[in-house]
1. Scanning the stretch 42-57 for residues that are surrounded by 13 or more Cβ atoms within 10 Å (Cβ to Cβ) and part of a helix (DSSP H, G or I), which turns out modelled with the highest pLDDT?
2. State the number of residues belonging to the stretch 69-86 that are surrounded by fewer than 14 Cβ atoms within 10 Å (Cβ to Cβ) and closer than 17 Å to Arg41 by Cα.
3. Pairs needed: first member in the stretch 20-49, more than 14 Å from Leu84 (Cα to Cα) and not assigned by TED's automatic domain parsing to the domain that holds Gly143; second member anywhere, buried (at least 18 other Cβ atoms within 10 Å of the Cβ) and small (Gly, Ala, Ser); C-beta distance under 6 Å; at least 6 residues apart or different chains.
4. Provide a single number: the residues in the stretch 162-187 that are of a type outside the set (A, V, I, L, M) and surrounded by 16 or more Cβ atoms within 10 Å (Cβ to Cβ).
5. For the stretch 112-154, which positions are part of a loop (DSSP other than H, G, I, E, B) and surrounded by 12 or more Cβ atoms within 10 Å (Cβ to Cβ)?
6. Among the candidates Gly165, Gly199, which residue alone is at pLDDT below 90, small (Gly, Ala, Ser) and over 18 Å from Ala138 (Cα atoms)?
7. Scan (1) modelled with pLDDT of 85 or more; (2) closer than 30 Å to Arg20 by Cβ for the single condition Leu132 breaks and write down its number.
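The values are calculated or read from the model by the stated rules, or taken from the named source; none is laboratory data. Computed from a predicted model, the values in this text were never measured in an experiment. Here the Cβ positions follow ideal geometry from the backbone for every residue, glycine too, while neighbour counts run over all protein chains shown.
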Amino acid sequence: METVQTTTGGLFDVLAQEMRLRNYSPKTIKAYKSCIRGFVRFISPRHPRDLQDENIRSYLVHLIDEKKSSSATVHQVINAIRFLYVELYHRSFAVGTLPRPRRQKRLPVILSQGEVRSIIEAADNPKHRLLLMLTYSAGLRLGEVLRLRPEDIDSNRNCIHIKFGKGMKDRYTVLSPTLLSELREYWKVYHPKKYVFEGQALQSE
């Protein structure tokens, strides 16, 4: 870790700052920093500014052949390296022709309605059960469910406002009558204020 800090100085702080200025999500910033940290370790003691195309390609080959990284991981590394060279070093030529591995095409695992119902009914705690129902019925990611605020639930238009979802984009999703009824019962018991699902109770109850 000392080598990374010595050879790159405040690279990771600058990288994070530039990404925040471009409104990247904290999750993406963390992922890019991790990618660049691995890249810097590989090329140490050289600095990224001193590399040529073939050096970057060698790292990608290392990830594929030796680390056995998935195509999704390699794609993310390429995106992080591209950001580093294009946005920080203004060297688009350094990454302009980087090859991208073909993505693996796999069919998603789709649960039947019966299987989904069994999972939801297995949750004894009403808060956990409602969280599962929201995730399935409204098609939400876990992070989106946990960030939901009471004002995001629009009972008049039967919709849910998702803010800062994937890609930092807002969207609306359908609020079913059954889910609305469950939410109203939940409100009577838990009286959420800032978030729909609040506090340590979500983990401990």
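1. Top of the filtered list is Phe42.
2. The total comes to 0.
3. That search, which allows pairs on different chains as well, returns nothing.
4. So the answer is 3.
5. Ala123, Asn125, Ala138, Gly139, Leu140, Arg141, Arg147, Leu148, Arg149
6. Gly199
7. (2)
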